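The values are calculated or read from the model by the stated rules, or taken from the named source; none is laboratory data. Given the structure is predicted, the values throughout are model-derived calculations rather than measurements. Cβ coordinates were reconstructed from backbone atoms using ideal geometry, including for glycine residues, and neighbour counts include every protein chain displayed. We work out accessible area using only protein heavy atoms, side chains counted, and drop any ligands, DNA or RNA first. Shrake-Rupley method; radii C 1.70, N 1.55, O 1.52, S 1.80 Å.
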Amino acid sequence: MLPCFLLPEEGILFMHHEPVMLNEVLALMENHSHSKILDGTLGLGGYSEGILKRFQSSQVLGIDRDSEAVKFSCQRLSEYSQRFTALLKNFGAVSELDDVASYDVFVFDLGVSNMQITIPERGFSFNIDGPLDMRMNPDDDSCPSAADVLRDSDAETLTEIFRNYGEERYAKQIASAIKRSPVPITTTYGLVELIRKALPQPVQRKMGTHPARRIFQALRIYVNNEAGELESLLKSLPEVNRTALVIFVSYHSLEDRMVKHSFRQWQNEGFGKIITRHPITPSEDEISRNYKARSAKLRAFSLSMN
Ligand SMILES: C[S@@+](CC[C@H](N)C(=O)[O-])C[C@H]1O[C@@H](n2cnc3c(N)ncnc32)[C@H](O)[C@@H]1O
């Protein structure tokens with residue numbers, strides 16, 4: 001664990017950030033014991049900060065697989081260092097924590113952070129030019145970047161990735177265009193340009209969204225093994241903690257389906273009960289303030305095994 005005060009001073013940047021459905025998350029926690037809370041997707045520390053402010057005797061552990069997020073949030077929340085700790089870790093390995101059984105609440109706000117999406121060098125955004133990286137932990141050299149994936153995968157594999165993780169109708173056309181490209185695709189704008197050239201104008205107009213959105217989502221999920229991480233978490237959590245409140249906020253149907261099915265399974269197996277029969281979604285007001293919130297779905301489960 002990295003005590004906040006040991007972290008370096010560099011890398012502080014100001015970033016506007018409104019955590020999605022924070023009030024709804026806090027309201028659920030309010031009705032449950034909340035002495036020890038694990039924020040499994042620390043990001044910019046928006047949830048952790050909200051929790052530390054609202055529940056003044058709670059201890060919070062924030063984990064993230066992104067070393068920059070851990071450093072940033074640790075510095076941002078340094079005034080809470082008595083009650084807040086940050087740790088570089090994948091949530092798929094949360095069961096490895098010695099004290100995992102003692103948390104009252106686990107909260108996971110899936111997907112990418114504003115920091116990852118807005119820093120050009122991270123290569124997550126189709127709206128900003130940068131290297132086609134997309135690794136959630138930029139220090140992990142063993143993880144191939146999105147550019148590596150495009151270079152090293154054949155057209156069939158790319159088609160599968162774009163279909164499975166992006167639900168992209170034109171997966172095959174885009175994958176073949178990538179493989180036919182005379183130059184390697186190494187930048188975000190390079191990929192956007194290729195997608196625009198591969199899809200006829202009328203198709204692009206009918207898409208109703210940025211033509212590269214689904215491909216970028218698919219690559220990001222694949223590069224970071226997001227589905228595998230979520231699967232490990234959903235498999236292990238009820239085995240290692242029998243009394244916690246578990247909250248997920250997800251942003252696309254693949255993640256939401258995985259959470260929904262696991263919660264049903266947990267309930268059927270007697271691990272506790274689903275609290276949100278239907279997912280909670282953000283208010284119109286929140287969506288108008290924060291565009292990112294538009295696709296969010298919140299689901300909660302109360303683990304209560306004797
Ligand atoms: C939507 S952001 C969280 C934002 C945060 N709730 C806030 O208010 O600042 C998601 C974060 O989860 C992290 N993340 C994604 N998958 C992860 C995993 N498997 N393990 C740990 N962190 C992960 C990302 O690196 C990112 O920082």
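Worth pointing out:
- The listed residue being of a type outside the set (Lys, Arg), away from the ligand (no atom under 16 Å from the Cβ) and in contact (Cβ under 8 Å) with a residue 24 or more places away in the chain, out of GLU167, GLU193, GLU231: GLU167
- From the list ARG214, ARG205, ARG196, the one residue that fits, being within 19 Å of the chain's Cα centre (by Cα), outside the structural domain of PHE108 (by TED's automatic domain parsing) and open to solvent by 30 Å² or more (accessible area, probe 1.4 Å), is ARG214.
- Just one residue in the set PHE216, PHE248 is in a strand (DSSP E or B) and within 16 Å of the ligand (Cβ to nearest atom); that residue is PHE248.
- Candidates are the residues of segment 59-82 that are buried (at least 20 other Cβ atoms within 10 Å of the Cβ) and small (Gly, Ala, Ser); the one that is nearest to the ligand (Cβ to nearest atom) is ALA69.
- Meets criteria (more than 29 Å from GLY62 (Cα to Cα), assigned to a helix (DSSP H, G or I) and without any contact (Cβ under 8 Å) to a residue 12 or more places away in the chain) for GLU156: no
- Pairs where the first residue, in segment 37-48, is closer than 19 Å to LEU97 by Cα and assigned to a loop (DSSP other than H, G, I, E, B) and the second is within 6 Å of the ligand (Cβ to nearest atom) and open to solvent by 10 Å² or more (accessible area, probe 1.4 Å), C-beta under 7 Å, 6+ apart: GLY40/PHE91; THR41/ASP64; THR41/PHE91; THR41/ASP109; LEU42/ASP64
- Evaluating PHE108 against the criteria (1) at pLDDT below 95; (2) open to solvent by less than 70 Å² (accessible area, probe 1.4 Å) leaves one unmet condition, (1).
- Count of segment 84-119 residues, restricted to those that are near the ligand (Cβ under 8 Å from one of its atoms) and of a type in the set (D, E, K, R), is 2.
- Filtered by the rule that a residue be modelled with pLDDT of 95 or more and over 19 Å from SER250 (Cβ atoms), segment 21-36 gives GLU30, HIS32, SER33, HIS34, SER35, LYS36.
- Boolean, ASP129 is in the same structural domain as MET21 (by TED's automatic domain parsing), surrounded by fewer than 16 Cβ atoms within 10 Å (Cβ to Cβ), away from the ligand (no atom under 12 Å from the Cβ) and part of a loop (DSSP other than H, G, I, E, B): no
- Taking segment 132-153 as the range and being more than 16 Å from the ligand (Cβ to nearest atom) and not in a loop (DSSP other than H, G, I, E, B) as the test, the residues that pass are ALA147, ASP148, VAL149, LEU150, ARG151, ASP152.
- Of all residues making up segment 266-306, the number that are in contact with a Pro (Cβ under 9 Å, 6 or more places away or on another chain) and either without any contact (Cβ under 8 Å) to a residue 12 or more places away in the chain or aromatic (Phe, Trp, Tyr) (or both): 3
- Single match in PRO238, PRO211 (criterion: in contact with a helix residue (DSSP H, G or I) (Cβ under 6 Å, 6 or more places away or on another chain) and at pLDDT below 95): PRO211
- Qualifying positions in segment 270-306 - outside any helix (DSSP H, G or I), open to solvent by 50 Å² or more (accessible area, probe 1.4 Å) and either among the hydroxyl-bearing types (Ser, Thr, Tyr) or touching a Leu at 6+ places or on another chain (Cβ under 6 Å) (or both): ILE280, THR281, SER283, SER304
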